[in-house]
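Any read-out appearing in this document is the output of simple, stated calculations on the displayed coordinates, not a laboratory observation. Because the structure is predicted, anything quoted here is derived from the model rather than measured. Every residue, glycine among them, receives a Cβ derived from its backbone with ideal geometry; neighbour counts consider all protein chains shown.
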Amino acid sequence: MAIIRVPRPPRDANVFAAAWGYLVTICSGLKLTLTIFFRQLLKLEKTETVEWPEQPATYGERFKGKHFLTLRDDGQVRCTACFLCATACPAQCIHIEAGQHPSNEIEKFPVRFEIDILRCVFCGYCEEACPVDAIRLGPEYAIVDTSEKKWVYTKDYLADRPALQGGIHSIKPENEKHTSIGHEPTAKERKSQAHHGHV
Amino acid sequence: MADTVTFTLNDKNVTVPKGWTVMQAAKQAQVDIPHFCWHPGLSVAGVCRFCMVHVQGARKLEIACNLQATEGMIVRTDTPEVKEAHKWGLEFHLINHPLDCPVCDQAGECGLQDFYMQVGKYKSQMTRPKVLKPKAVDLGPRLILDTERCILCSRCVRFEEEVTKTGALGIFDRGDRAIIGTYGEEKIEHNYQENLVDVCPVGAFTSKKFRFKQRVWFLQEKSSICPGCSTGCKIKVHARTDRRTYYRVKPEIDETVNGFWMCDKGRDTIAHLNREHRLPQSQMRIDGKKQTVPTAQALESLRRAIETAGAEETALLVSAHYTVEEYEAFFHYFCDQLGVTKVYQWRAETEDRDSFDGILLRGDENPNTAGLRAAMRRVKGRTVPIKNEIATCVSKKPKVVVALCPEVPFTSPWFQEDLKQLAGISHVSLWTCRYEATEVAGITSWIPMKGFAEKTGHFLNYEGAKRELQEAFPSATAEALSVVEAVQQMAAIATITTETATL
Amino acid sequence: MEFTKILTRFENIPNSRALATYEKHGGYEAAKKALTQTREEIITLVKDSGLRGRGGAGFPTGLKWSFVPKTADTVYLLCNNDEGEPGTFKDRYILELSPHMLIEGMIIAAHAIGAKKAYIYTRCEFYDEIRWMNEAIAEAYQAGYLGKNLFGTNVQVDLDHYIGAGAYICGEETGLISSLEGKKGQPKLKPPFPAISGYLGKPTIVNNTETLAAVPWIITHGAAAHRAMGTEKSPGTKLFCVSGPVKKPGVFERPLGYPLKKLIFEDAGGMLDGKQLKAVIPGGASAPVLLPAEIETLTLDYEAIAAAGSMLGSGAVMVIPHDQPMMELLRILVNFFHHESCGQCTPCREGTGWLASVVQGVEEKTATPEDVEKLYQIAVHMEGRTICALSDAAAMPTKAITRKFADELKRSIRGI
Amino acid sequence: METFARDLREKIQSELTRYETPRSAILPILHLIQDHCEWIQPMHVEGLEREFGLSRVHVQEVATFYSMYRLEPCKPFRILFCDNLVCAMMGAEGVMDKIRSHMASFPTDKCPFSLQGVPCLGVCDGAPAMLVNKERHLRVNRDNVDAILASYK
């Protein structure tokens, strides 16, 4: 067994002298705390603390919280049921059943899309694997429920979250993800993409 | 030797029969030459221009599929020139391909994907709009055609002309407007449709039955034998073991019997293996009510019934859906050990046993008629004519009947009607894989059996050739037994009971 | 300066298509003579004459004939009269002058290869020529020049006329065979070569109209007389079709090895007023363009033009004037090959489409100057990869134009 | 109802035996149908299979492959204008524009002409060239094209 020798501080006979440095720092810290405490008590300064859960707290868009499925302009899920998220998922918590869409232009769509949130490790691989930007991890962090059934999020729940917090909507503009490439798809391209079931 | 040639393929000496092409030789020598249009079971088209190889002394690259191997020829598949040809060959294939892999069922077993990883150019220079063509065309009861994904390798057209000789497919128009299809709205309706899906190297032809059901990378495959008829095609069963669900059947190459093909009927032989169609556990009718019981209890009650009635009052009703090994164990226990002599075949009353569609499908819809016949000859000491003997069985008024039920539902639609004939017998034990149609008055016990894909062993096909079920999936229902296991269990219970009795 | 005329000797003779006129000028004498000779004698004679295929590839005709297995019982002779190469109109001219010359040549060739049945495959756009040819065949049958026991021998030659339906690819010999079999005109995989397994799997020889029409003269005048014309490796005369903005466009029969500049500036009368020469395509649309500097001393024979980086092809000399934008020329060329690709082999089917699409981008103003290099790259990888030469035919001129006129193309992409 | 008129039937029948295989007759038969019926209709293709045993897939393949077969109803006068190299250099595009404006002078749906650019017609010495149905016109230019078209009524 390897032993790492850590050098100890030199012993000083004068304990008070040795502790002097610590005491000074503690006192200056306390001074700051007390100043702010009284200032806030006298309402001279705004408090940063949120009274959660009475008051909502929001996270940034990058936060990997509860999943949601993005929608096309026409309100249908973008997901093409390619199973890549289910394939990438290390927790195997995504369950998809694919079906034939009534419109041949979309062709394949998820009849069922379920996430077993208790198994999910919020790694975000599904988001990365998705070729059509159909699944995202949103800003919702409070995942609370009582019944066992509700822990499996259905397609309807994942796709329809009007009250999604953090100002995020589940309907995304068709070309949002691709704007950074600096190539605005032409109407013709968009048509052909839609024709292929891509968006 | 005059009838072989030896040539050099990537520094390796390869000896093949005279007249073989470099492609065939490379397959044998396990040298990978990427190709699309070449298929070992079809004629050479030489149109994908992808199997380029370098032949020393030749002015330009040659295609391996139409290049006959000659003595002393020096062929390389790995020169920079060949690699460049592969890169661009694939680029040409891909420029008008829709790249809709996410929604394409072929993804995961697609030639374009595989070769892209192997020899791809990675950086495409195609920036122009693609040629658009009809998608998701309904081409038959089992077929969907996506003409945009098609790379016009013409394998399907050649299959239609050479194998089924129906010639229903053609390539219409020319240049990059060319489209594969049938005439007008015509559908392909023969019994070999799904072979078109198999020969298609890309996702142009997809199977309606398998459409969107599962991504292929989740599937495991095991080698087995089709139980649909007495031809005994070698097949691969694809299933997800984690879900215990069977998804599809594909033919496996077997030059001696089925070549590269199998019929569509054979592909339906797995539907009954899935849990929803299976007898989940042993059941018994106790006091007129059907109850789930431990298998041991059902078997024990059967043993008791035989003991009470006596071996001479017991009859065995056997269908030809089980393996040679199973018959051996079954007859060994019941006939040799218990002394049962009444053994009857159980098969369709009317069948056109010798009919043959000229390709693969035979009129005898039992996979192991020959095996059962041989086993019965051993038991009975004489050759029995092949016919349905359930009526004879019933007329002998046995008290106990052990019935090895036919496994594949669509080849035994007569099953339930036949079962009704057994109504008057005091103990009928059904050994069955299926659940449907077994709900008939007069049945005493139901023992769950394994399906063909869940056991190893062998069938004897129409010409007596040994057809081996090589690998087995775990059973979709945990309780299912093979006949061998059931018989062993029964014998073991018997021993314990006897021992207990003697104590 | 006068030249010996073989194929155009009926120029300026009135009513030259009629059998009577042809007979008056020694018609069918060669066939009569040839049918008394053995097959080997004729093949040797044609070999000695150095006659080469006039369709474009320039393959020695006698050698081709000798590939037919001697033991074959059914052999076919096909005449490739599917003149589709842009800029070429020489075969039409032969039919216009004397279709009987072609029939006589075919009788001799059929005898030489042992074919009892011969076909002429003509493109369907030649409505008048088809009529003339049909009339000539009927006349020849009536006069006993076709059918059984020709000229008192036991030789039998039946000739039929088959009409195409608008596919450039049927000018390729195996494409023509496919078409004659009633299929799409898709070229067949080689090997086996048509001389072993062609029309309906039987040995088949496909020759160009001009080649076959030259045969009677060789039989009559001998191999040496043929060799006396042209160069050592390219003997004989050839029909050159000069077209474009020249004063006298038309067909000129000249010995091979004739200077190109002389052909354009003297025989064809030079450029139209106010036009200057920008480039020349010496052998039909599939031949790479040559710059004026390259044709200074160029002679018209297979070897010299190949050395200059182009090909003699069908002898279609297309003159390109100074005011012709090369991008437009390239567009026409690639669209033509895109339209005519049979769609069988991937590099050609997709490559021609890609070339056309990239050039289309120039019109749509989405092209970039780098596209010129891309065109070149696509062409490079189309070449030598396919069953027939259509892919090469599309690639070679594309390569030449994108190399020789790169700056001009880039300028037109930038819109300057 | 018979698919083919009596005289056409007889011609088809003789074409079928004219060549070594019936399949070879597909091209000539399609030409015949086109000459008799203006364009090749699906019922013709089906009729050829039903009455003469030619595979409809083979016939359709041929009919779509070759560009001179008309698979759609057509105008009485079909102008095929060469737009290939030489004709283009000699001003084909300008003449075609002129033809288009000539065609535009008719009321919609009443125009008896259709115009199609085709690859080389093999008469480059007479460029620009065009075919109107089966008649060839050479050295067509902006000045004489109206007179040529006027002769088709």
Sorted peptide list for C:170-178, C:383-391, A:106-114, C:272-280, criterion being average Cβ within 10 angstrom, highest first: C:170-178, C:383-391, A:106-114, C:272-280
How well do other chains shield peptide A:79-89, expressed as the mean number of their Cβ atoms within 10 Å of each residue Cβ? 3
Past 23 Å, Cα to Cα, is the threshold; run C:K238/C:K399; C:K184/C:K399; B:K222/B:K265; D:K75/D:K153; C:K5/C:K248; B:K290/B:K387 against it and keep the listed order. C:K238/C:K399; C:K184/C:K399; B:K290/B:K387
Starting from the Kirkwood Rh over alpha-carbon pairs, what translational D in µm² s⁻¹ does chain D have by Stokes-Einstein at 10 °C and 1.306 mPa s? 92
Please compute, over every Cα-Cα pair in chain C, the percentage with a separation greater than 33 angstrom. 33
The stretch C:228-269 scanned against label point 7 Å out from C:E303 along Cα→C-beta; backbone N under 11 Å for C:231-235
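Mind sorting B:K236, B:K165 by how few other Cβ atoms lie within 10 Å of their own Cβ, fewest first?
The fewest-first ordering by Cβ neighbours comes to B:K165, B:K236.
Expressed as a whole percent, how much of the Cα-Cα distance distribution for the protein assembly as shown exceeds 61 Å?
Taking all Cα-Cα pairs of the protein assembly as shown, the fraction more than 61 Å apart is 32 percent.
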Report D for the stretch C:326-414 in µm² per second (integer): Stokes-Einstein, Kirkwood Rh on Cα pairs, 37 °C, 0.692 mPa s. 262
Can you compute log10 of I(q)/I(0) for the stretch D:6-65 with the Debye formula, treating each Cα as one identical point scatterer, at q = 0.14, 0.15, 0.18, 0.25 Å⁻¹? -0.31, -0.36, -0.53, -1.09
Which ordering of A:S103, C:S243 is given by a fewest-first count of other beta-carbon atoms within 10 Å? A:S103, C:S243
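By DSSP, what percent of the beta bridges with both residues in chain C are antiparallel, rounded to the nearest 5?
Details: 17 of 37 bridges.
Among the beta bridges of chain C, antiparallel pairing accounts for roughly 45 percent.
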Which whole number gives the average count of other chain Cβ atoms within 10 Å of the Cβ atoms across peptide B:92-105? 6
Taking a ≥ b ≥ c as the square roots of the eigenvalues of the Cα gyration tensor of the stretch C:257-352, is the shape rounded (a/c under 1.5), prolate (a/b larger than b/c) or oblate? oblate
Calculated FRET value between C:L272 and D:E93, using beta carbons and R₀ = 22 Å, to 0.05: 0.80
Roughly how large, in nm² to one decimal, is the mean projection of the convex hull of the alpha-carbon atoms in the stretch B:302-415? 7.3
Can you work out D for the stretch C:69-121 in µm² s⁻¹ from Stokes-Einstein, where Rh is the Kirkwood radius over C-alpha pairs, the temperature is 25 °C and the viscosity is 0.890 mPa s? 201
To the nearest whole number, what is the average tally of beta carbon atoms from other chains within 10 Å of the beta carbons of peptide C:350-357? 6
Distance violations [Cα-Cα > 22 Å] among B:K12/C:K190; B:K165/C:K183; B:K342/B:K397: B:K12/C:K190
Quick one: if the Förster radius is 60 Å, what FRET efficiency do A:Q100 and B:T392 give, using the C-beta to C-beta distance and rounding to 0.05? 0.75
Quote the convex hull volume per residue of chain B, based on C-alpha atoms, as a whole number of Å³. 190
Hey, what's the Kirkwood Rh for the stretch B:385-429 if you take every pair of different alpha carbons, in angstrom? 11.4
What's the FRET efficiency of B:A58 with B:Q118 using the Cβ-Cβ distance as r and R₀ = 22 Å, to the nearest 0.05? 0.40
Heads up, the stretch A:1-151 by the C-alpha gyration tensor (a ≥ b ≥ c square roots of eigenvalues; a/c under 1.5 rounded, else a/b over b/c prolate, else oblate) looks prolate
Principal axes of the stretch C:19-70: Cα extent on each, largest first, Å: 35, 27, 18
In a solvent-free Debye calculation with one equal scatterer on each Cα, what is log10 I(q)/I(0) for the stretch C:19-227 at q = 0.09, 0.10, 0.17 Å⁻¹, listed in the order of the q values? -0.30, -0.37, -1.17
So, by mean Cβ neighbours within 10 angstrom, what's the order for B:238-246, A:20-28 with the highest one leading? B:238-246, A:20-28
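Counting DSSP beta bridges with both partners in the stretch B:272-407, what percentage is antiparallel, nearest 5? Don't skip to the end; give the middle numbers.
Details: 5 of 15 bridges.
The antiparallel fraction comes to roughly 35 percent.
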Distance cut-off 27 Å, Cα to Cα: go down the list B:K83/B:K130; B:K133/C:K374; A:K149/B:K250; C:K233/C:K262 and report the pairs above it. A:K149/B:K250
Residues with beta-carbon under 12 Å from that of C:K238, excluding C:K238: net charge, scoring Lys, Arg +1 and Asp, Glu -1? +2
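If you count, for each residue, the other Cβ atoms within 10 Å and average over each peptide, how do B:278-284, D:46-52 line up from highest to lowest?
B:278-284, D:46-52
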